[in-house]
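Read through the structure below, which is laid out as structure tokens, and then see the notes.
The values are calculated or read from the model by the stated rules, or taken from the named source; none is laboratory data. Predicted model only: the values in this text are computed from it and were never measured. FYI the Cβ positions are ideal-geometry reconstructions off the backbone, even for glycines, and counts take in every protein chain you see. Only protein heavy atoms, including side chains, enter the accessible area calculation; ligands, DNA and RNA are left aside. Shrake-Rupley method; radii C 1.70, N 1.55, O 1.52, S 1.80 Å.
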Amino acid sequence: MLNESMLEKLENDFDLTVKKQESPVFSCPAAELTDEIKIKQLLELYTPLVKGTDPSVGEVYMTGWFRGPILGLLYMLSAWNKTADLSLDNLTVQMYKASYNGHEYYATNFLLNRLELHAGPDDPLEQTAWAEEKLGSFISQTLRPVFETIAKVGTLQVGMLWSQIPTSLEYGYERLMESDECESVKEQATRNYGIVKAMDGAVFGRSKNPFNIKIRMTESLASPDKQVRMKAACCLYYLVDGGYYCYTCPRLKEAERDKRRAEYRAEQQAK
């Protein structure tokens, strides 16, 4: 059974909760995200809320709702050898107003309708097969139908939607490796992350696995001695009201990246 600290971990780190939002901006069963009419209406409501100046912003941001749950699944499999039911039928989307550093924004999480953990086998070989099955079914039965529905009603190709996830996976994996989790959990996470990257493209409905990519690095904004991760794809923040190309955006020209580095470092030195 899930104890309080486990529930807290799922909610704070992975946007999975057992708490119903008291006054959500909107809420709907996650299964409705595969209904073309419903998702079209939802995108029309959502894009202006996130200040998107183009419909593609809502499409990409909606895809991003699933970053937490896939990282949560990887964590549960690795740290607890257990998993919650993350099928669309057991999830409810909740969007609500939140604030960070005095700024209000719209946050989204997933309510687990039925809270039960399924334990995995103890035998390492069986454990690997079980983890592969759980990860594969989440990708093919939770992510894929939603992403394909967004692509059908939206403006972006489904490949662009899949490409929003790999950078977050890499970041989440790296954070776990740098955390104070025990070595056995880190080893298990490395195995499970390897399973995700080795999956056949067919699981995603693609010719190639969109998560099995080489992450490019670039020189940090602040320090020439440090490398930072480039995004796998543009997050379209430049199409948000007041937005711009992120420093790690693959669309940003290298000359512009060099210019931003020089300007930032000159500012820091002047302080």
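Just a few scattered comments:
- Measuring only protein heavy atoms, the 1.4 Å probe finds V146 accessible over about 0 Å².
- Cα gyration tensor category, rounded, prolate or oblate, for the range 154-271 with a/c compared to 1.5: oblate
- Positive-pole candidate from T83, S137, L115, dipole of the range 15-144, charges at beta carbon: L115
- Coil-residue trypsin sites (Lys or Arg not before Pro) of the range 17-61, DSSP, other Cβ within 10 Å capped at 16: K19, K20, K51
- Solvent-accessible area per residue, Å², over the range 7-49 with all protein chains present [probe radius 1.4 Å]: 60 Å²
- Estimated at the nearest 10 Å², the accessible area of C234 is 10 Å² with a 1.4 Å probe.
- The loop-placed trypsin sites (Lys or Arg not before Pro) in the range 149-209, going by DSSP, that have at most 16 neighbouring Cβ atoms within 10 Å of their Cβ come out as R206, K208.
- Options (i) 1.00; (ii) 1.05; (iii) 0.93 - which one matches Cα Rg over 2.2 N^0.38 Å as calculated here: (ii)
- Taken one residue at a time, the phi angles of the range 13-19 give Karplus couplings (6.51, -1.76, 1.60, θ = phi - 60°) of 9, 10, 6, 10, 9, 10, 9 Hz. Gly and Pro are set to x.
- Here the gap between D180 and Y100, fully extended at 0.36 nm per residue and compared with their Cα-Cα distance, gives a gain of 26.2 nm.
- Among I165, I215, L252 the positive-end extreme of the charge dipole of the chain (Cβ point charges): L252
- Taken per residue, the accessible surface of the range 118-271 reaches 56 Å², heavy atoms only and a 1.4 Å probe.
- The dipole here belongs to the chain: it is taken about the Cα centre, uses +1 on the Cβ of Lys and Arg and -1 on the Cβ of Asp and Glu, and is about 1000 debye.
- Rounded to the nearest 10 Å², the accessible area of E36 at probe 1.4 Å: 90 Å²
- Distant-in-sequence amide contacts of V240, defined by a placed amide H-H separation under 5 Å and a gap of 5 or more residues or a different chain, comprise T53.
- Per-residue [θ]222 nm for the chain (sum of -39500 (n - 2.57) over DSSP H runs n ≥ 4, rounded to 500): -14000 deg cm²/dmol
- The order of M177, M62, M217 by accessible area, most exposed first and with a 1.4 Å probe, is M217, M177, M62.
- The Cys residues in the chain with no partner Cys Cβ within less than 4.7 Å of their Cβ are C28, C182, C234, C235.
- Only Lys, Arg, Asp and Glu carry charge here, each on its Cβ (+1 for the first two, -1 for the last two); on that basis the range 121-235 has a dipole of about 820 debye about its Cα centre.
- Percent accessible area from carbon and sulfur atoms, the range 1-156, protein chains only, probe 1.4 Å: 48 percent
- Computed about its Cα centre, the charge dipole of the range 47-199 is approximately 560 debye, with only Lys, Arg, Asp and Glu carrying charge at their Cβ.
- The GluC sites (Glu not before Pro) of the range 71-165 meeting both criteria, a DSSP state outside H, G, I, E and B (loop) and at most 13 other C-beta atoms within 10 angstrom of the site's C-beta, are E116.
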